[in-house]
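Have a look at the structure below before the remarks.
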Amino acid sequence: MPRIVPRLDCPAQETNTVPQPFYQQLLQLTDAAFADLNNAIANKRVAQAPNSEALFLSRWVTQAIKQQRFGKATAPYLKAWQQRSRAQGVNAGLKQEFERIEHSYRSLMVNSNRLPEIHQRQLDELLSQLNAQGWVLDIESEFNTEVNHATGGKPSLVIAAQQLKGAFEDDLLAKPLSLFVRGDHLALTALAHQHQMLLHKQSDYKSLVKYHGEYVLYPENSGPIIAELLPNS
């Protein structure tokens, strides 16, 4: 084979490969899982029954790990699903979780393979709706160490004023924004989703605001972890 020598007058082009967003890697994984499951059912290798499908997906996850089929970003989730399958067997609920992932993300990806940007008005509308539902809101306090937030037993949401002020540029969310929440996080997840926003949980109740969980909004809804998921319909 002849040796290829680059021309000195034509410098090699620089390749600026943009990393694929985590959520796209995640959806490639769930897409592949369902494609392989459906193919196995069509070819009579797996019965179309809950237990058979659960066992198939359990084996599928293990094979995906062994083959290093997907990127490093999804590896921790594959290992967690494998461990859950080994512990719970057919009750591990992998199919249901994969369905929730598909629904929660793809329902926001209208006519596109990307998630939508987050505008200031979307957050404003969410806060207005929470206020109407009786939530205690605080977006004016400045803090960077642990603080108390008295709620009188009502659900509450706190955003540090200084972080909120610097989070948006030209109406678009440009930096991660932490929401400190004490209340029905499932209802909040669904409400945020209605406003085209995905919440990413950092903690259940330990955060800078005492007894509040921390949930983060990321620019373009593109977080490095699985977002809070909607329930299966």
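The values are calculated or read from the model by the stated rules, or taken from the named source; none is laboratory data. Since the structure is predicted, the reported quantities are computational estimates derived from the model, not experimental observations. Positions of Cβ are generated from backbone atoms using ideal geometry, with glycine treated the same way; all protein chains shown enter the neighbour counts.
Quick notes on this structure:
- Residue match in the stretch 200-212 (condition: within 23 Å of residue 169 (Cα to Cα) and crowded, with 17+ Cβ neighbours inside 10 Å): yes
- Of the residues in the stretch 173-183, at least one is within 25 Å of residue 106 (Cα to Cα) and polar (S, T, N, Q).
- Of the helices (runs of 4 or more DSSP H) lying entirely inside the stretch 117-210, those containing at least 3 residues that are in contact with a Lys or Arg (Cβ under 9 Å, 6 or more places away or on another chain) span 161-167.
- Residue 162 satisfies every condition listed in (1) of a type in the set (S, T, N, Q); (2) modelled with pLDDT of 95 or more; (3) within 23 Å of the chain's Cα centre (by Cα) except (3).
- Any hit, the stretch 98-116, residues being exposed (fewer than 15 other Cβ atoms within 10 Å of the Cβ), of a type in the set (A, V, I, L, M) and outside any helix (DSSP H, G or I): yes
- Residue 52 being modelled with pLDDT of 95 or more, crowded, with 17+ Cβ neighbours inside 10 Å, polar (S, T, N, Q) and part of a helix (DSSP H, G or I): no
- From the list 61, 46, 136, 90, the lone residue that is surrounded by 14 or more Cβ atoms within 10 Å (Cβ to Cβ), touching a strand residue (DSSP E or B) at 6+ places or on another chain (Cβ under 6 Å) and either farther than 27 Å from residue 220 by Cβ or of a type outside the set (Lys, Arg) (or both) is 136.
- Scanning the stretch 165-215 for residues that are of a type in the set (Val, Ile, Thr) and at pLDDT 95 or above gives 181, 189.
- Contact map, the stretch 199-210: residues that are at negative phi paired with residues that are part of a loop (DSSP other than H, G, I, E, B) and surrounded by fewer than 17 Cβ atoms within 10 Å (Cβ to Cβ), Cβ distance under 6 Å, separation 6+ or inter-chain. Pairs shown: 200/225; 205/211; 208/146; 210/148.
- Selection status of residue 221, polar (S, T, N, Q), crowded, with 20+ Cβ neighbours inside 10 Å and touching a Leu at 6+ places or on another chain (Cβ under 9 Å): yes
- Cβ separations smaller than 7 Å between residues 6+ apart or across chains give the following pairs from the stretch 56-81 residues that are in the same structural domain as residue 39 (by TED's automatic domain parsing) and in a helix (DSSP H, G or I) to residues that are at pLDDT 95 or above and loosely packed, with under 14 Cβ neighbours inside 10 Å: 65/79.
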